[in-house]
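The values are calculated or read from the model by the stated rules, or taken from the named source; none is laboratory data. Computed from a prediction, not measured in an experiment: that's the story for all the values here. Cβ placement follows ideal geometry from the backbone for every residue including glycine, while neighbour counts extend to all protein chains displayed. Each accessible area value is taken on the protein alone, full model and side chains, heavy atoms only, with ligands, DNA and RNA left out. Shrake-Rupley method; radii C 1.70, N 1.55, O 1.52, S 1.80 Å.
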Amino acid sequence: MTTTHEPLDTTPTPLTTPSARHGGVLFGVFVGVGLLLIALNLRMGVASVGPVLPAIERDLGIPSAAAGLLTTIPVFAFGAFAFLTPTLTRRIGLHRLLALTMVVVAVGIGSRLLDSPVALFGGTVLVGAGIAVANVCMPAVIKQDFAHRLGLMMGLYSTALFVGAAAAAAFTVPLMTALDGS
């Protein structure tokens, strides 16, 4: 019995082609650092609220139950908006969608700076929506761009998520104090 073996196709695919091949090693480092900076910011908009809830209640004159929603809204937004990611990815593209999520998070955080309960709650929904979609995009982007260093990049990504959350929780109150309670 004779069998013929087809040669193995080793043509790079989008999932096996590292970013470095698209624009050199420096480009791969640039993309990797950018992704880690995004990961660093994916928890700050949520983790920074808890330490200052009493000040938010006092400054905006909202009841404790309403202030508690500020920590609950993002969790619901994670579940409500994450399912949109595959459709948005097909329409916009993975990298563009990830960039758009950062714009949405920035607008949400910026609107929370306004002295208005409506802006505060609306901004919180935007923050939750942006983070929800980015949470789904990031592992896919890392797999696509860093298949050759997947373990390293996923480890760095996870670490950046936790460092961002810890930094937000640790520095929010001192920053608020330094800015005279603002």
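Please enumerate the residues belonging to the stretch 136-182 that are at positive phi and either in a helix (DSSP H, G or I) or not acidic (D, E) (or both).
Scanning the stretch 136-182 gives a single hit, G181.
Which residue, of A99, A134, is over 30 Å from D59 (Cα atoms) and crowded, with 20+ Cβ neighbours inside 10 Å?
Step by step, each of A99, A134 is checked, and only A134 is over 30 Å from D59 (Cα atoms) and crowded, with 20+ Cβ neighbours inside 10 Å.
Within the stretch 76-92, is there a residue that is within 21 Å of the chain's Cα centre (by Cα), assigned to a helix (DSSP H, G or I), at pLDDT 90 or above and charged (D, E, K, R)?
Yes, some residue in the stretch 76-92 is within 21 Å of the chain's Cα centre (by Cα), assigned to a helix (DSSP H, G or I), at pLDDT 90 or above and charged (D, E, K, R).
Might you check whether a residue that is under 18 Å from the mean Cα position of the chain (by Cα), free of Cβ contacts under 8 Å to residues at least 60 places away in the same chain and over 30 Å from G181 (Cα atoms) occurs anywhere in the stretch 98-110? Let's see the steps before the verdict.
From the stretch 98-110, those under 18 Å from the mean Cα position of the chain (by Cα) are 98-110; that's our starting set.
This time we only want the ones that are free of Cβ contacts under 8 Å to residues at least 60 places away in the same chain, so: 99-101, 103-104, 106-107, 110.
Now restrict to residues that are over 30 Å from G181 (Cα atoms): 99-100.
Yes: the stretch 98-110 contains one or more residues that are under 18 Å from the mean Cα position of the chain (by Cα), free of Cβ contacts under 8 Å to residues at least 60 places away in the same chain and over 30 Å from G181 (Cα atoms).
Which pairs do you get when a residue that is in contact (Cβ under 8 Å) with a residue 12 or more places away in the chain, found in the stretch 49-70, comes within reach of a residue that is outside any helix (DSSP H, G or I), reach meaning Cβ atoms under 6 angstrom, with the pair 6+ apart or on two chains?
L70/V49
Only one of (1) in a helix (DSSP H, G or I); (2) surrounded by 14 or more Cβ atoms within 10 Å (Cβ to Cβ); (3) not small (G, A, S) fails for I62. Which number is that?
(1) is the only condition that I62 fails.
Hey, can you tell me all the residues within the stretch 108-124 that are open to solvent by less than 60 Å² (accessible area, probe 1.4 Å) and either part of a helix (DSSP H, G or I) or modelled with pLDDT of 95 or more (or both)? Outline the logic, then answer.
Taking the stretch 108-124 first, the residues open to solvent by less than 60 Å² (accessible area, probe 1.4 Å) are 108, 110-112, 116-117, 119-124.
If the condition is that a residue be open to solvent by less than 60 Å² (accessible area, probe 1.4 Å) and either part of a helix (DSSP H, G or I) or modelled with pLDDT of 95 or more (or both), then G108, G110, S111, P117, A119, L120, F121, G122, G123, T124 are the ones that fit.
Scan the stretch 160-174 for residues that are surrounded by fewer than 14 Cβ atoms within 10 Å (Cβ to Cβ) and farther than 25 Å from G79 by Cβ and jot them down.
Once the filter is applied, which keeps residues that are surrounded by fewer than 14 Cβ atoms within 10 Å (Cβ to Cβ) and farther than 25 Å from G79 by Cβ, the stretch 160-174 yields A170, V173, P174.
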